[in-house]
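Below: one structure, written as structure tokens.
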Amino acid sequence: MVTERPARFWVVVLVLGGLGTSSCDRGEDRPATRPAAGTAPGTGPATAPAGDTLEELVEQLRFGTDALRDEAAVALIARGEEAVGPVTRALADVDPEVRATAAFVLGEIGSPRAIGPLRALLVDGEEPVRLAAAEALSAIAPEAPPSVPEDAGGTLRLTPPAGEEAPGPGEPPDAAPDVDDVARLAERRDVARLEAVVRNSECSDAARLAAVAALAKVADEAALRALGRAVTETDPPVQVAAARALAGGGGPAADRLVAVAADLAADAGRTPRVLAEVTAALVSMGRPAVKPLSGLLAADARRSGKVRRYAAWTLGRIGGTEAAEALAVVLGDDDGLLRVVVVDALVRVGAPAVDSLIEAAKDAGARTRAHALEALGRIGGERAPGVLIGALSDRDRSVRYAGVRGLERVGGRRAIKALEGALTDEDELVRTAAADALKKLR
């Protein structure tokens, strides 16, 4: 029987509506309406089939539409204790909505087995996820309600239990340390042993995630190296947590996280989910990641084209003038696929890239000038027409062609007049492009 806390259920669902990737973003149809607040979960017309396995319900919780996700949550709560293990694994999902919903389900089940994993979730990077974990812990152990750490953006308050002393240097923790053992190691800033916990698959998920948080709090060079190794050498839940921890480290962690991203991008088919999480971490890090990513763009015989294209793609997601400057430098690169990615990235950056593109349009290399004009035409803006019109008198036909295509995109009276002049260009390709553009603009 489903436990009756209907108001809490729908409050959590409504709070989660602003988190993560929406079902619209996933190309799915949202349900037209939700049950009204105060309606008991599971009393609506559609409930998850009783025959679904726990694994199928967890998959529905992770990948279903909002309505299916709600149904899966109700069904998992009804399964009770047997659902705790599979739902606990969903606490490490990359989607914060899934993590928070899983925390709610565990709170409704009320099993003490969930306390450790839920405690680890108190340091999640998303506030609603932290609140869902705290609410779940309060439901399981109301006599000792938890508090969300004030510094929960990537660190965890790890202190030994009252009255207990931390073990000395010659006293290793048990073979499978728990969260309290990790707390003692964190107090001593014992990076080597914290990393050992992170890499020990016999430890609980809660202990390993707490060790990741402790390494992020230490944040010295040794700790950052340990987190970098955790991203590439452990299992997915710990890899994801380590990537997020590095993202919260700012500048000092940027070099390490970019190095990890380069290793993953070189063999993206091996760990696509982890690479996606690392990329999201770099984008959230923002400006500190620009310089090390720019270093990956430089031509190097030891660096694969995949890594350079990955760096360009990620810089486009970060955006800003510094990223645009780095991207514009490689507009004329010998790697044709890289040039395509760079142009797309600059277009994504948009207006902050215009100055860099105008400068690149004056470059000595015709290939650089042509690609700069292509990106400028796609971005548009009041400064674009003048630069594109000027390109129609360039000595290189590929540059003049790029100018014609750009004017076709930006349109306007000035563009039409300039394109009429291009009808007499010495190159047939340019003349044909100008005629086609005029047909569309007139």
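Just so it is clear, none of the values below were taken in a lab; they were calculated from the coordinates. It should be emphasised that the depicted structure is a prediction, and the values quoted were computed from it without experimental measurement. A quick note on method: Cβ atoms are made from the backbone with ideal geometry, for glycine too, and the neighbour counts reach across all protein chains shown.
Peptide packing: for 328-334, 110-116, 243-249, 129-135, the average count of neighbouring Cβ atoms within 10 Å per residue gives the ranking 243-249, 129-135, 328-334, 110-116, highest mean first. Extension gain, Lys417 to Asp220: 0.36 nm times the residue separation minus the Cα-Cα distance gives 64.8 nm. Taking label positions 7 Å along the Cα-Cβ direction at both Glu322 and Ala351, the computed distance is 2.1 nm, reported to one decimal. Separation of the stretch 402-442 and the stretch 218-277, taken as the distance between their Cα centroids, equals 48 angstrom. Potential lengthening of the chain between Arg431 and Val340 amounts to 30.3 nm, from the contour at 0.36 nm per residue minus the alpha-carbon distance.
The gain in end-to-end length when the Ala298 to Ala364 segment is fully stretched comes to 21.9 nm, 0.36 nm per residue minus the alpha carbon separation.
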